[in-house]
């Protein structure tokens, strides 16, 4: 039984995630510092030094080593997490694929930061999006509260029967990771009961039940293993929603694949991820006061990609702006600019979609930008303007 208690606190996003880690008390945390996620392992190491958690912290020489150690400890039967950003995630690349293919439910808190070059330490989604096809579940957070809530939900999603896949819990570097907001914290005992004990079916240090993790897979078996991994991602859809339902009972806060903000009667919808969704909502409130039927669809779960649900959510609008905080360098659009229209097409939803690139390397994205985009959507829907795809917002002349 949960206590139903909670308390309000002021925390940065990094503090909130570190606090959630203290409450979950994972068995092992290997980590290597990198801006802007450095504070998370720093704070957790302080919890360990103060005797507040039993987590074994492993200092390593690189992020590649951090994920290698995470794979080893998770395979041995220990609940494991780590944290990184940007180039740190890129250095983990080989190991990310191994973690997912070995079906290890590691949780990684990713504080999104642009990937070089040019060298820059500010926010965009190029790190997470660069790893979008590694087989990891990906959940994005709008604010500090969501970073905390998503982290707590990540373990039961990752460890669910039929899933056993690693999870990235993403938040925007500096924008949420370092900014302080009021948030609502759950009680320690409620978090522990919600997450539960980690009881893997198979693990290396299980006497009398030998298993092999990461063996060479010959051609006669490798394709079947990949299919099983893909099916696990499909099962993750059910796990995401089931865990969200349990979390709502505990906290009163509702989650799903995405959040629909003032979309019920919206003629024009902006689909967006991360902290910029708050900017979009503020602009929509102002547009609604002017009689404009605008709405925001904030995508929370990028992997597994909720294609059918998104198509249904966008089906009744006249035009949608698909917002990418990352460049795909395909000459046509960003990652969401590929996946959302493809999903609409497969589900036979015929609406106008326009892809925009915004906020790269920390570039400001304002309510004026949002209003400008909605004005363009209205003109496009009315036939007064031809859509220009793949347009950069806030680009200096």
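Just a few scattered comments:
- Region 239-261, residues that are assigned to a helix (DSSP H, G or I) and touching a helix residue (DSSP H, G or I) at 6+ places or on another chain (Cβ under 9 Å): 239, 240, 242, 243, 244, 246, 247, 250, 251
- When residue 41 is tested against (1) modelled with pLDDT of 95 or more; (2) in a loop (DSSP other than H, G, I, E, B), just one condition goes unmet, and that condition is (2).
- Number of positions in region 346-372 that are in a loop (DSSP other than H, G, I, E, B), surrounded by fewer than 17 Cβ atoms within 10 Å (Cβ to Cβ) and within 26 Å of the chain's Cα centre (by Cα): 3
- Test for residue 77: is it part of a helix (DSSP H, G or I), within 19 Å of residue 166 (Cα to Cα) and in the same structural domain as residue 190 (by TED's automatic domain parsing): no
- Scope region 177-201; condition under 24 Å from residue 92 (Cβ atoms) and either without any contact (Cβ under 8 Å) to a residue 60 or more places away in the chain or in contact with a strand residue (DSSP E or B) (Cβ under 8 Å, 6 or more places away or on another chain) (or both); matching residues: 177, 178
- Selection of first residues in region 81-99 that are in the same structural domain as residue 25 (by TED's automatic domain parsing) and of second residues that are surrounded by 18 or more Cβ atoms within 10 Å (Cβ to Cβ) and at pLDDT below 95, restricted to Cβ pairs under 8 Å at least 6 apart or on distinct chains, gives an empty result.
- Number of the exception - residue 316 against (1) over 25 Å from the mean Cα position of the chain (by Cα); (2) more than 21 Å from residue 366 (Cβ to Cβ); (3) not in a loop (DSSP other than H, G, I, E, B): (3)
- Count of region 19-47 residues which are over 25 Å from residue 115 (Cα atoms) and either in contact (Cβ under 8 Å) with a residue 60 or more places away in the chain or touching a helix residue (DSSP H, G or I) at 6+ places or on another chain (Cβ under 9 Å) (or both): 13
The values are calculated or read from the model by the stated rules, or taken from the named source; none is laboratory data. Every value quoted in this text rests on a predicted model; they were computed, and no experiment measured them. Quick reminder, even Gly has a Cβ in these numbers, built from the backbone with ideal geometry, and neighbours come from all protein chains shown.
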